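Reviewing the structure listed below.
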């Protein structure tokens, strides 16, 4: 074995044995011990901190009512209609409170194709924790196929909801609106 590799094994083994005297030339057992020590050091340096830094993920469920009102008349040109709306929501279930926000929309001349973005501020409580946070929406529909992403704006949480992050899913059944919020708090 080369002297560089021997020196590396000595350094690794010295770190593990904390001052134990080493042989002039490491034996195969010394090399195995040093390798095992190196694996433990690497694992604890990279894997353990990432495990410790993971935040607990929680789920909140319930329903909400929504009131959408045009805030100005739609702007129509070349078959595309741009709209601006005010949002007001009332939440029940694990989220108790209200939200207010704005939504911008674009409807095309093609049936089933549209897009929207929205920002809303929730004020209330989440499973008893009081505060506020902001939700950001991005949605598109092309020939009836929909994509929708609603997420908590980073660092928008206040009060007991400071540090909150997560994603909001909604579903509509028979005209009723339901939500599922998958979230983490700053309790990593």
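Any read-out appearing in this document is the output of simple, stated calculations on the displayed coordinates, not a laboratory observation. From a predicted model like this one, the values you see are computed outputs, not experimental measurements. Reconstructed Cβ throughout: ideal geometry from the backbone, glycine too, with neighbour counts over all protein chains shown.
The value obtained for the range 75-188, namely the Cα convex hull volume divided by the number of residues, is 109 Å³ per residue.
Which part of the range 68-98 falls in the paramagnetic zone of residue 170, meaning amide N under 13 Å from the point 7 Å along Cα-to-beta-carbon? So the set is 68-69, 85-92. Using R0 = 35 Å, the C-beta based FRET efficiency linking residue 102 and residue 56 works out to 0.60.
Here the extension length gained between residue 182 and residue 147 equals 10.8 nm, from 0.36 nm per residue of separation less the Cα-Cα distance. Ordered by the number of other Cβ atoms lying within 10 Å of each residue's own Cβ, fewest first, 147, 105 fall into the sequence 147, 105.
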